[in-house]
Ligand SMILES: Nc1nc2c(ncn2[C@@H]2O[C@H](COP(=O)(O)OP(=O)(O)O)[C@@H](O)[C@H]2O)c(=O)[nH]1
Ligand SMILES: [Mg+2]
């Protein structure tokens, strides 16, 4: 090796296996783009799409774009948690070193998102993406998740996006968290954050730039459509507060 030689890619490229999991429910508009983009990332990942019995062409397009398509374990909705657990079991069986979740509705995904999330795992246990979003986006994050974390798990209140769908960790970390029985619905993202931190794992957030995603178009004019998500996130944090002996924490909060 000559002086000044710089390896062109990270160590993940050669000796490690990365699997990207997309939970997807009726995402035919974006699924081809996100799969093709993920495939261009440095870690040359395998792609799993966990489909929610989509009524559009999501599964068919995903298959044609080179993803392994599996159906989530239960026909229940909302079930992002079910989908993530189904995907994790598949990726663990597939012996991935790094397992990365990405939302399937991202319109401006670029390969460097995957590179940043995977490379970040070299020096911590879980890497979570955060981003800039439209000021009216992320209502559940702003009005439920962050204020409740601040009250019950103040050590996590610096996380910008506790509901981020863009998360990477090593297989052993996911396996340990999966064994703790994650929830089935929208609470799973914040549950993984809380449980990872409470288990003593090093969790960090990295900035991915601007995020544009189609789901915002569904609720931008009526955030009432997010009420089920809000309820599931809220109850998840309450249950976690009980599980971790944080039930007195609210007494410290000035109202
Ligand atoms: N398999 C599966 N995927 C889901 C389900 N609910 C949401 N998703 C997917 O999870 C990701 C995040 O959902 P999204 O509606 O964009 O949530 P938001 O960005 O928080 O508004 C997207 O890829 C959805 O297609 C579900 O019940 N099952
Ligand atoms: Mg979305």
Matching residues, segment 91-138, being under 19 Å from residue 174 (Cα atoms), in a strand (DSSP E or B) and within 16 Å of ligand 2 (Cβ to nearest atom): 101, 128, 129
The residue that is nearest to ligand 1 (Cβ to nearest atom), considering only those in segment 84-107 that are farther than 23 Å from residue 205 by Cα and in contact with a strand residue (DSSP E or B) (Cβ under 7 Å, 6 or more places away or on another chain), is 86
Take residues that are in contact with a strand residue (DSSP E or B) (Cβ under 7 Å, 6 or more places away or on another chain) and tell me which of the helices (runs of 4 or more DSSP H) falling wholly in segment 139-255 contain 3 or more. 171-178, 188-198
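Looking at 163, 156, 149, which one is within 26 Å of residue 76 (Cβ to Cβ) and touching a helix residue (DSSP H, G or I) at 6+ places or on another chain (Cβ under 8 Å)?
163 is the lone residue from the list that is within 26 Å of residue 76 (Cβ to Cβ) and touching a helix residue (DSSP H, G or I) at 6+ places or on another chain (Cβ under 8 Å).
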What are the residues in segment 1-49 that are modelled with pLDDT under 95 and within 18 Å of residue 171 (Cβ to Cβ), if any? 10, 11, 12, 13, 14, 15, 16
Scanning segment 19-46 residue by residue, the ones that are more than 17 Å from residue 118 (Cα to Cα), assigned to a helix (DSSP H, G or I) and touching a strand residue (DSSP E or B) at 6+ places or on another chain (Cβ under 9 Å) total 2
Please go through segment 115-130 and pick out each residue that is buried (at least 22 other Cβ atoms within 10 Å of the Cβ) and within 25 Å of residue 220 (Cα to Cα). 128, 129
Using the structure shown, decide if residue 188 is in contact with a helix residue (DSSP H, G or I) (Cβ under 7 Å, 6 or more places away or on another chain), more than 24 Å from residue 22 (Cα to Cα) and within 16 Å of ligand 1 (Cβ to nearest atom). no
Can you find even one residue in segment 164-178 that is without any contact (Cβ under 8 Å) to a residue 40 or more places away in the chain, within 19 Å of the chain's Cα centre (by Cα) and either within 16 Å of ligand 1 (Cβ to nearest atom) or surrounded by 14 or more Cβ atoms within 10 Å (Cβ to Cβ) (or both)? yes
Taking segment 22-50 and keeping only residues that are within 17 Å of residue 167 (Cβ to Cβ) and near ligand 1 (Cβ under 10 Å from one of its atoms), one is left with 22, 23, 24, 34, 49, 50
Can you tell me which residues in segment 59-90 are outside any loop (DSSP other than H, G, I, E, B) and within 16 Å of ligand 2 (Cβ to nearest atom)? 80, 81, 83, 84
Reported set for segment 217-255 where residues are in contact with a helix residue (DSSP H, G or I) (Cβ under 7 Å, 6 or more places away or on another chain), under 24 Å from residue 200 (Cα atoms) and at pLDDT 95 or above is 233, 234, 236, 237, 240, 241, 244
Hey, among the residues in segment 47-58 that are part of a loop (DSSP other than H, G, I, E, B) and touching a strand residue (DSSP E or B) at 6+ places or on another chain (Cβ under 9 Å), which one's nearest to residue 84 (Cα to Cα)? 52
Could you go through segment 212-225 and let me know if any residue there is in contact (Cβ under 8 Å) with a residue 40 or more places away in the chain and loosely packed, with under 13 Cβ neighbours inside 10 Å. no
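For segment 89-104, which residues satisfy the criterion of being touching a helix residue (DSSP H, G or I) at 6+ places or on another chain (Cβ under 7 Å) and either surrounded by 24 or more Cβ atoms within 10 Å (Cβ to Cβ) or without any contact (Cβ under 8 Å) to a residue 24 or more places away in the chain (or both)?
Listed by number, the residues that qualify are 98, 99, 100, 101, 102, 104.
The values are calculated or read from the model by the stated rules, or taken from the named source; none is laboratory data. What you see is a predicted model, and the numbers here were worked out from it, not measured in a lab. Note: ideal-geometry Cβ built from the backbone for every residue, glycine included; neighbour counts use all protein chains shown.
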